[in-house]
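We did not get these values from a lab; they are worked out from the coordinates using the rules stated. Given the structure is predicted, the values throughout are model-derived calculations rather than measurements. Using ideal geometry, Cβ is built from the backbone for each residue, glycine included, and neighbour counts are taken over all protein chains shown.
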Amino acid sequence: MNSYKKYCPNVFIAQCEEKHKKGDIITIETRYGKENEHIIHNFLYSKNGYFYYSITRADGFNSQERAKRKAEKLTNYASKREQKSNDYFKASEEGKEFLVMGEPIHVGHSSEHKHRTLLERNQKRFEKGIEENNKAKEYENKAEYWKSLENKIDLSMPESIEYFKFQLEKATKLHADLKAGKILKEHSYALPYAKKAVNENQKKYDLAIKLWG
């Protein structure tokens, strides 16, 4: 059975027992037993009797779609937590008309137990409201992170060839301009950092070509 193999950050390739050609549709089983159809792109290498290929999901699902679904899921979680928080805050106002009067607890009176129980119940509800509100904010922050990735292009996508080509050209120009003095160096490490950016984008562009070119 075909399986997934991590190739580099964000990229999983197909580990196959049989040879395939570009455009073939294969089924890959996840470690949880779910099967997904994939399109074969490039042959990468063979090892220990297995053949390894770059792949994309046949249904179009990719890292951007994954980020979108994650964001939607977390936003839904946040909404539910917020609703729970509002419900607890509303419930904590039980007996509001009586409590706003500032009536003290009459120790020893038949109303003492009822009064104390009401205050304790409302206090617990208010604390639960804060707890749910904090959880809602946590989910909102996570949703914002995944929303920021909805349009990100990485090496798992064939579009990465053009993307990293552009990034490489931009980084190369910046490095050349800094070296020629056309751009003022903001600090002593400006040139080394620019060269590092060129090297990193060159590496990613080369990988993109190997995966999808």
Value of [θ]222 nm, deg cm²/dmol, for the chain, DSSP H segments ≥ 4, -39500 (n - 2.57) each, nearest 500 | -18500 deg cm²/dmol
Order of Leu184, Leu211, Leu119, Leu168 - criterion: other Cβ atoms within 10 Å of each residue's Cβ, fewest first = Leu184, Leu119, Leu168, Leu211
Placing each pseudo-label 7 Å from Cα in the direction of the beta carbon, Ala180 and Lys203 end up separated by a distance in nanometres of 2.8 nm
Principal-axis tilt of helix 63-91 within the chain, Cα atoms, nearest 10 degrees | 0 degrees
If you take the square roots of the eigenvalues of the alpha-carbon gyration tensor of region 3-61 and sort them as a ≥ b ≥ c, do you get rounded (a/c under 1.5), prolate (a/b over b/c) or oblate?
-> rounded
Charge dipole (debye, nearest 20) of the chain; +1 at Cβ of Lys and Arg, -1 at Cβ of Asp and Glu | 840 debye
For Ser188, Ser79, what's the fewest-to-most ordering of other Cβ within 10 Å of each Cβ?
-> Ser188, Ser79
If the cut-off is a Cα-Cα distance under 14 Å, which aspartates and glutamates reach Lys204, setting aside same-chain residues fewer than 8 apart in sequence?
-> Asp154, Glu159, Glu162, Glu169
Calculated Cα extents along the principal axes in Å (choose from (i) 85, 57, 26; (ii) 48, 44, 32; (iii) 78, 44, 28), label | (i)
Using alpha-carbon positions, what is the distance between the centroids of region 43-70 and region 189-208, in Å?
-> 25 Å
Rank Ile130, Ile183, Ile161 by mean-square fluctuation in a GNM of the chain with C-alpha springs under 10 angstrom and give only the top-ranked residue.
-> Ile183
